Number of protein chains: 2
Amino acid sequence: MNPKLTGRRTFLKGVAGAAATMPFVSSGAEAAPADLTINDAIAVIIKGIPKPASRETVDTVKCGDPTRKVTRIVTTFLATYDVIRKAGELGANFIITHEPTFYNHRDETDWLRSDAVYAAKRRLLDEKGIVVWRFHDYWHAVRPDGILTGVVKKLGWQQAGKERIFTIPATPLRDLAVSLKQKFGSPSVRFVGNPSQSCRTVGLSPGAYGGVPQITLLGREPIDVLVCGEIAEWETSEYVRDAVAEGKAKGLIVVGHVPSEEPGMEWLVEWLKPKLPGVKITHVPAQSPFNYV
Amino acid sequence: MNPKLTGRRTFLKGVAGAAATMPFVSSGAEAAPADLTINDAIAVIIKGIPKPASRETVDTVKCGDPTRKVTRIVTTFLATYDVIRKAGELGANFIITHEPTFYNHRDETDWLRSDAVYAAKRRLLDEKGIVVWRFHDYWHAVRPDGILTGVVKKLGWQQAGKERIFTIPATPLRDLAVSLKQKFGSPSVRFVGNPSQSCRTVGLSPGAYGGVPQITLLGREPIDVLVCGEIAEWETSEYVRDAVAEGKAKGLIVVGHVPSEEPGMEWLVEWLKPKLPGVKITHVPAQSPFNYV
């Protein structure tokens with residue numbers, strides 16, 4: 001399903017239909033509305049979120065039948081094979097993923113037609129009868145950005161700033177990298193810059209924010225360090241390397257794409273619960289796939 | 001300069017002009033032809049290389065005056081501030097870089113107009129009177145690929161295979177990662193997969209080869225492990241994570257973009273010397289910019 005095609009009319013019809021027949025069990029909180037379909041749930045989620053900036057959103061249903069009734073929802077950074085397996089064990093038939101399921105941004109699958117890894121993943125999804133829906137562009141379009149809100153909560157920086165700029169007690173670059181490694185639960189964190197450089201004003205860009213936006217943020221005068229998820233290694237890291245060689249006090253900390261955005265999909269559970277009362281919603285972390293030597 | 005505009009005619013004129021007045025000092029090997037301009041040298045380099053696959057090559061002059069005579073050539077992975085400084089100390093006025101100088105693939109600079117890091121780099125380049133020319137698309141268009149040839153030499157795999165597929169003595173994935181870390185001189189190497197998985201058939205894709213080509217190479221039946229420079233963290237690493245969860249013996253080793261391609265720009269010195277006799281050519285390594293915690 002393309003959410004752009006889910007007009008206001010469709011949404012109202014879906015939700016009204018669900019509301020009319022919404023039978024709660026006595027305890028209330030944990031009961032699922034018996035008639036709420038996956039399409040209904042998607043409509044509830046995107047209601048009120050501004051349209052994503054990109055004209056063609058990637059926030060579409062990637063597999064499965066969204067006209068089925070929701071049994072349980074799993075949120076995750078990325079619907080890996082293990083996350084799907086776990087969702088099945090939990091009795092969930094609806095996974096909300098932030099990143100793609102089939103290894104490319106648009107989840108195109110023609111090029112994977114004879115690929116054994118893809119085939120086995122599709123098989124598992126079919127067996128479990130699971131719908132995967134991507135929630136990327138809309139979640140970033142929420143104000144403040146949904147991922148960022150979860151990350152700021154995780155870091156405990158709610159009072160430290162707003163949007164993407166935060167002020168922390170002066171901390172040496174290397175110590176800040178160690179502290180972020182612990183907070184994000186990342187197996188390893190890389191940084192560029194002088195390890196003892198003092199960091200006080202921090203720019204925050206989880207995920208793969210892009211070289212030009214990362215560098216533009218970092219180039220602003222007061223920013224000492226940019227904390228990001230992922231970079232292209234001929235862009236932001238080279239800008240910071242040059243800045244340091246020129247004698248400027250700039251640093252870059254790269255915590256990894258998965259650790260940097262996972263808190264945003266964990267926070268989605270809390271954001272979603274009041275919108276879908278009675279629906280069971282669980283976060284299943286994807287976790288970093290990397291080992292380091 | 002756009003090398004696409006450097007026609008055969010311009011090339012012949014330049015080289016003939018240089019050859020007619022080529023005064024070697026007595027030792028021969030280290031003397032520079034007195035009249036060889038940077039444009040002439042570029043024409044000699046791209047003579048005989050097949051046209052790059054991309055219609056608009058990024059292999060253009062990024063700064064400086066290429067009509068000046070060559071004093072000395074420096075090859076590097078990326079013309080960092082420090083590489084430029086070192087080139088100046090060596091008396092070189094021509095840097096051949098593989099990757100961009102101004103933090104984006106097309107070296108566009110409008111967005112950097114008021115950026116202090118960019119301004120200082122330009123100032124250094126102007127002060128030293130250095131021409132930077134990118135040699136990316138053409139070097140990859142050489143058959144076999146120029147970067148790959150240098151990397152295979154570095155690994156000592158000349159007899160182990162061809163193109164991108166090599167056969168090595170069976171090695172556990174983790175041990176292979178450690179060995180590659182040492183050979184590439186990378187400060188840290190990450191891998192995805194079972195650390196004890198046996199690796200015998202290796203796919204090799206230095207640099208940022210792209211998710212679809214990386215996954216297509218890795219998906220071929222006999223390949224146990226892909227060794228690459230850089231990935232997008234929602235593509236190749238997630239494919240391998242799924243493969244392993246499905247019980248398939250596949251691994252991924254990510255050595256870093258700089259370490260993975262630098263040997264190709266070191267090898268360029270040897271490749272270039274017979275084509276530009278008498279010209280001093282030196283490799284100045286950019287080296288990885290990362291620290292790890």
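The values are calculated or read from the model by the stated rules, or taken from the named source; none is laboratory data. Worth saying up front: this structure is predicted, and the values here are computed from it rather than measured. FYI the Cβ positions are ideal-geometry reconstructions off the backbone, even for glycines, and counts take in every protein chain you see. These accessible areas exclude ligands, DNA and RNA; they are computed on the full protein's heavy atoms, side chains included. Shrake-Rupley method; radii C 1.70, N 1.55, O 1.52, S 1.80 Å.
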Considering residues that are open to solvent by 10 Å² or more (accessible area, probe 1.4 Å) and either within 26 Å of the chain's Cα centre (by Cα) or of a type in the set (A, V, I, L, M, F, W, C) (or both), the number found within segment A:195-208 is 3
Within segment A:135-163, of all residues that are among the small types (G, A, S) and over 13 Å from A:G203 (Cα atoms), the one farthest from the chain's Cα centre (by Cα) is A:G156
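Quick grid of which residues meet (1) at positive phi; (2) buried (at least 16 other Cβ atoms within 10 Å of the Cβ):
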{"site": "B:A119", "(1), (2)": "no, no"}
{"site": "B:A141", "(1), (2)": "no, yes"}
{"site": "B:P144", "(1), (2)": "no, no"}
{"site": "B:K153", "(1), (2)": "no, no"}
{"site": "B:K162", "(1), (2)": "no, no"}
{"site": "B:A170", "(1), (2)": "no, no"}
{"site": "B:Q182", "(1), (2)": "no, no"}
{"site": "B:G193", "(1), (2)": "yes, yes"}
Screening B:A79, B:A141 for residues that are in contact with an Asp or Glu (Cβ under 9 Å, 6 or more places away or on another chain) and within 25 Å of B:N39 (Cα to Cα) leaves only B:A79
For segment B:66-88 the number of residues that are more than 10 Å from chain A (Cβ to nearest Cβ) and not charged (D, E, K, R) is 10
Looking across segment A:209-229 at residues that are open to solvent by 50 Å² or more (accessible area, probe 1.4 Å) and closer than 24 Å to A:V258 by Cα, the single one that is farthest from the other protein chains (Cβ to nearest Cβ) is A:Y209
By residue number, the members of segment B:123-134 that are buried (at least 16 other Cβ atoms within 10 Å of the Cβ) and part of a helix (DSSP H, G or I) are B:L124, B:L125, B:K128
Of A:V254, A:V258, A:V240, the only residue that is facing chain B (nearest Cβ under 9 Å), open to solvent by less than 20 Å² (accessible area, probe 1.4 Å) and either without any contact (Cβ under 8 Å) to a residue 40 or more places away in the chain or within 16 Å of the chain's Cα centre (by Cα) (or both) is A:V258
Practice task
Restrict the check to segment A:264-273 and report whether at least one residue is basic (K, R), open to solvent by 10 Å² or more (accessible area, probe 1.4 Å) and under 30 Å from B:K121 (Cα atoms).
Solution key: no
